[in-house]
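Before any comments, here is the structure.
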Amino acid sequence: MLPLFAKSPPTAAGPLNVHVRNDSMTLRVAKAPQAYLAGTINDAAVAQVRQLLDAGKLMPGSDVYLDSSAGDIAAGMELGKLFRTSRFNTHLGTWHTGNSPALPATCLDACAYAYLGGVYRWSPSGSDRIGLHDNLQANRATDPSSQAADTDSYVESMGVRPADFAQVAGLVVNGVAWWNTEKLVATQVANNGRLPLEASYQKAPGAPPSLLLSQMVHGRQNQVTLQCSPGQVTLTARYVVGSERTELLAARAMYAYFQVGDQAWQQHQGDRPHADGDALVFSRQMPFTQLTPVLQAMSLGIWFEITGSPIRVGFWVAPAQVQKLTQPFLSDCQAMQPGYIPPKPSDSQSLQTKPSFWKRMVDKLRN
């Protein structure tokens, strides 16, 4: 497919202009076509993008670069929904050729809501900026049209908690609350290629409790499995590196270890990792007493030291983000430990289970 060029130079406030870069070099390096959208986001813009998708000129899974400072919120949300169903990934950026430097991109109001539609949402870099006019923020909206749009429902449907979305605003300059890059990542408004951590625990009769933590990172599903037994927990990590690299890295990987926060655990102990399909895999055992700190950790690192490389490779997850989902596993694991004593019911529970005076009198009369 030849690049699609707009008829006029893109501007952040003019009609929507679309450029597509899908040459062999882009596909080889970026792994996906790149689409640059600049101009006003309104109903016509949404229809234009939908027509380009239907015609095959925009491909599902593309990286979309946004530069828009004008439009309406409802159209921005509609465009974001279209991005999500098309599995687009969103960035900020402006179209440029090899002979011209890239100019800073601005993503404002409707554009900010469209940005949320990306499966992967990359935080702004350099001089690129994203934000909302101060009166359009979730907790300060005064425009009836913005109140009529169900922004909270949209934000939540994009996998972002409305309470977190309301916290990303930084400094207000000339009536615009520009988003703070650090807050974007901390609240998952921008995920920089990392989908939210998932936790799965299902009890099976006769099988030891087992918890699976999994996270999609740059299109690859990394996993940590925790299996409980009396006195200890076995952690097994699966780091997807691709079938073409697995055997090479496995042959050169000298050590593999877990790291809770800043504390490396059994850094130079245990078996070397081995190749399993497209992933490096290793297991370690830890005392049950260390399970709670692991499940409460904001950073559980899984690292591999490679011979001849000055840097380690691996990934990290944040179990604390899914602590409510891991609590049943912790409780069942605790129940199978030697010497476990079930907790006594609290006084309030005892009062609730004890029959009331009037119920005892009625039962006595019936008898």
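The values are calculated or read from the model by the stated rules, or taken from the named source; none is laboratory data. Worth saying up front: this structure is predicted, and the values here are computed from it rather than measured. Note that we place each Cβ from the backbone using ideal geometry, even for glycine, and neighbour counts take in every protein chain shown. Accessible surface areas use protein heavy atoms only, side chains included; no ligands, DNA or RNA. Shrake-Rupley method; radii C 1.70, N 1.55, O 1.52, S 1.80 Å.
Among the criteria (1) under 29 Å from Val160 (Cβ atoms); (2) in contact (Cβ under 8 Å) with a residue 12 or more places away in the chain; (3) out of contact with any strand residue (DSSP E or B) (no Cβ under 9 Å at 6 or more places or on another chain), the one Gly308 does not fulfil is (1).
Test Pro124 against the criterion of being open to solvent by 10 Å² or more (accessible area, probe 1.4 Å) and modelled with pLDDT under 90, and give yes or no. Walk me through it before giving the result.
Numbers: open to solvent by 10 Å² or more (accessible area, probe 1.4 Å): yes; modelled with pLDDT under 90: no.
When the stated conditions are applied, Pro124 does not pass them.
Residues are listed down the side, and each one gets a yes or a no for (1) at pLDDT 95 or above; (2) part of a loop (DSSP other than H, G, I, E, B); (3) open to solvent by 80 Å² or more (accessible area, probe 1.4 Å):
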| position | (1), (2), (3) |
| --- | --- |
| Tyr257 | yes, no, no |
| Asp271 | no, yes, yes |
| Val281 | yes, no, no |
| Leu291 | yes, no, no |
| Met298 | no, yes, yes |
| Trp303 | yes, no, no |
| Ser309 | no, yes, no |
| Gln321 | no, no, yes |
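Go through the range 24-74 and give me each residue that's polar (S, T, N, Q) and open to solvent by less than 70 Å² (accessible area, probe 1.4 Å). Matches in the range 24-74: Thr26, Gln34, Thr40, Asn42, Gln48, Ser62, Ser68, Ser69. Filtered by the rule that a residue be open to solvent by 50 Å² or more (accessible area, probe 1.4 Å) and touching a Pro at 6+ places or on another chain (Cβ under 9 Å), the range 160-189 gives a lone residue, Thr181. Entry remark, the range 76-86: residues being in a helix (DSSP H, G or I) and surrounded by fewer than 21 Cβ atoms within 10 Å (Cβ to Cβ) number 4 in total. The residue that is farthest from Gly118 (Cα to Cα), among those in the range 190-220 that are open to solvent by 60 Å² or more (accessible area, probe 1.4 Å) and in a strand (DSSP E or B), is Glu198.
Kindly provide the set of residues from the range 221-252 that are under 21 Å from Leu295 (Cβ atoms) and either in contact (Cβ under 8 Å) with a residue 60 or more places away in the chain or outside any strand (DSSP E or B) (or both), ordered by number. Break it down into steps so the answer makes sense when it comes.
Within the range 221-252, the subset under 21 Å from Leu295 (Cβ atoms) is 221-239.
The answer is Asn222, Val224, Leu226, Cys228, Ser229, Pro230, Gly231, Val233, Ala237, Tyr239.
Is there any pair with a first residue in the range 12-24 that is β-branched (Val, Ile, Thr) and a second that is in a loop (DSSP other than H, G, I, E, B) and modelled with pLDDT under 85 whose Cβ atoms are under 7 Å apart and which are 6 or more apart or on different chains, and what are they? These pairs meet every condition: Val18/Leu4; Val18/Ala6; Val20/Pro3; Val20/Leu4.
Give me the pairs: first residue in the range 148-173 and part of a loop (DSSP other than H, G, I, E, B), second residue surrounded by 15 or more Cβ atoms within 10 Å (Cβ to Cβ) and among the basic types (Lys, Arg), beta-carbon distance under 8 Å, and six or more apart or on different chains, which are they? If the second residue must be surrounded by 15 or more Cβ atoms within 10 Å (Cβ to Cβ) and among the basic types (Lys, Arg), the pairs left are Met158/Arg84; Gln167/Lys183; Val168/Lys183.
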